[in-house]
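The values are calculated or read from the model by the stated rules, or taken from the named source; none is laboratory data. If you're wondering where the values come from, they're calculated on a predicted model, not measured in any experiment. Virtual Cβ from ideal backbone geometry, glycine too; neighbours counted across all protein chains shown.
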Amino acid sequence: MTAATQRASAQVPDALGRFGEFGRRFVPETLMHALEELTDEYNRAKADPSFQAEFHRLLKEFVGRPSPLYYAERLTKLCGGARIFFKREDLNHTGAHKINNTMGQVLLTQRMGKKRVIAETGAGQHGVASAVACAHFGLPCVVYMGEEDVRRQNLNVFIMKTMGAEVRPVTSGSRTLRDAINEAMRDWMASVEDTHYILGSVVGPHPFPVMVRDFQSVIGSEARQQCLDQIGRLPDEIVACVGGGSNSAGMFYPFIEDESVAITGVEAGGRGPKPGDHASTLSFGKKGVLHGCYSYVLQDEDGQTSDVHSISAGLDYPGVGPEHSYWHDTGRVKYVNVQDKEALEAMQKVARSEGVLPALETSHAMSYAIRRAAEMDKDDVIVVCLSGRGDKDVAEVARLLGQGF
Ligand SMILES: *Cc1c(COP(=O)(O)O)cnc(C)c1O
């Protein structure tokens, strides 16, 4: 990294939420005030030691942090190259990284004196993490979820309801995640006085991309210190999957200024590079606005947001966080893509060699890491963010393997 990018990365985002040319706010007037209020409150909370202490107490006592940095010894032997480590976000309460962010945002909701929470969800992971955080604090929670996803992820729908949340099926558009975000924003415009909208990734208008990245940075901060304690040095490469980009941003951010550490984000390559067959926004997208934010977006010739496909519902999104677009264009992070069938293979390989079942989303990062480790030296170290566990995916995987139950 050049001195110039290093200086630049220290200043992003600026007060307007700009990561270079990306980010900012493209929202109706009614939301501007709420976003400014949220930004001010977040900046105060960030600098407030009592807020930070409460956040970290919750992460420890309720979420179960710190999550281990685990040496995948048998997988390493199988690959015959670099030592592979997993950052075990799958061991968090609710089984994924999403809860780091929802606990932070619910604390902020209370701090702002708001009485109601709304959220969107795709696969249901963020919906469950929001429902859990709200149940913990006794706040009512409404989760918008595309009708198609409600059908595909009925286990998570039932868990949300059991936690006391109301799940509202969204019947517009493709009836998936992006329509659920539109519907949540519509609700927020009408309810902003007493309601906080917990966005689930590093997307949307400022301050969401920076705030969610900060809450998720506990992943990378812990991993960095664990590398120093357990291995005695920094890793040679770190890897994470990229949907909206929150587990990856949280993993990457604390390593951004460590020039010796290569960083790779893995997007969903789906069935292949044809439009509509994948969700590889940074490989195939163009600059544009989606959900109130300027970033790379998968779109057609007319600028209409494209349909996307991935085997994993959590990566099935046509946009990406503005900070990733910035890291992509500055060259600090390399972005690759992994196809459905490669992710499926990696999931099985990790399960058999390590007794750990990664989520399909995570399996994209695993597939790249397995391939990359084999090319690296035996003394090298590669760390993969194991963003979540695969239990939610087993019915779908069984169906795909022709072993449906
Ligand atoms: C939601 C999810 C993702 C993708 O979201 P990001 O914001 O890109 O992290 C990845 N892995 C798991 C397990 C998820 O639940």
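Count of the stretch 162-186 residues, restricted to those that are touching a strand residue (DSSP E or B) at 6+ places or on another chain (Cβ under 6 Å) and within 22 Å of Asp391 (Cβ to Cβ), is 3. Within the stretch 376-390, is even one residue in a helix (DSSP H, G or I) and in the same structural domain as Ala279 (by TED's automatic domain parsing)? No, the stretch 376-390 contains no residue that is in a helix (DSSP H, G or I) and in the same structural domain as Ala279 (by TED's automatic domain parsing).
Looking only at the stretch 340-357, which residues are among the small types (Gly, Ala, Ser) and either in a helix (DSSP H, G or I) or at pLDDT below 95 (or both)? Explain how you work it out, then say what you get.
Residues of the stretch 340-357 that are among the small types (Gly, Ala, Ser), as a first pass: 343, 346, 351, 353, 355.
Of everything in the stretch 340-357, those that are among the small types (Gly, Ala, Ser) and either in a helix (DSSP H, G or I) or at pLDDT below 95 (or both) turn out to be Ala343, Ala346, Ala351, Ser353.
Counting only residues that are farther than 25 Å from Asp391 by Cβ and not small (Gly, Ala, Ser), which one in the stretch 118-149 is farthest from the ligand (Cβ to nearest atom)?
Filtering the stretch 118-149 down to residues farther than 25 Å from Asp391 by Cβ leaves 118, 137-140, 142.
In the following step, the residues that additionally are not small (Gly, Ala, Ser) were identified as 118, 137, 139-140, 142.
Details: Ile118: 18, Phe137: 22, Leu139: 22, Pro140: 23, Val142: 19 Å.
Once the filter is applied, the top-ranked residue is Pro140.
Just one of the listed residues (Arg88, Arg116) is closer than 20 Å to Ala45 by Cα and either touching a Pro at 6+ places or on another chain (Cβ under 6 Å) or surrounded by fewer than 24 Cβ atoms within 10 Å (Cβ to Cβ) (or both), and it is Arg116.
Of the helices (runs of 4 or more DSSP H) contained entirely in the stretch 34-133, those carrying at least 3 residues that are not assigned by TED's automatic domain parsing to the domain that holds Ile370 fall at 49-58, 98-111. For the stretch 359-374, the criterion of being more than 16 Å from the ligand (Cβ to nearest atom) and closer than 20 Å to Ser310 by Cβ is satisfied by at least one residue.
Consider the stretch 326-355 and keep the residues that are hydrophobic (A, V, I, L, M, F, W, C) and touching a Phe, Trp or Tyr at 6+ places or on another chain (Cβ under 7 Å). The one that is nearest to Asp14 (Cα to Cα) is Val333.
Checked against (1) surrounded by fewer than 24 Cβ atoms within 10 Å (Cβ to Cβ); (2) touching a helix residue (DSSP H, G or I) at 6+ places or on another chain (Cβ under 7 Å), Gln230 passes all but condition (2).
Residues of the stretch 314-339 that are part of a helix (DSSP H, G or I), surrounded by fewer than 24 Cβ atoms within 10 Å (Cβ to Cβ) and within 15 Å of the ligand (Cβ to nearest atom): His328 alone. Restricting the first member to the stretch 111-134 and to residues that are closer than 17 Å to His291 by Cβ and among the aliphatic types (A, V, I, L, M), and the second to residues that are more than 14 Å from the ligand (Cβ to nearest atom) and not in a strand (DSSP E or B), the beta-carbon pairs closer than 6 Å and six or more apart or on different chains are Ile118/Ala184; Ile118/Asp187.
Residues that are within 13 Å of the ligand (Cβ to nearest atom): which strands (runs of 3 or more DSSP E) entirely in the stretch 165-251 hold 3 or more of them? Break it down stepwise before answering.
Working: elements: 166-170, 195-198, 237-241.
Passing ranges, in order: 237-241.
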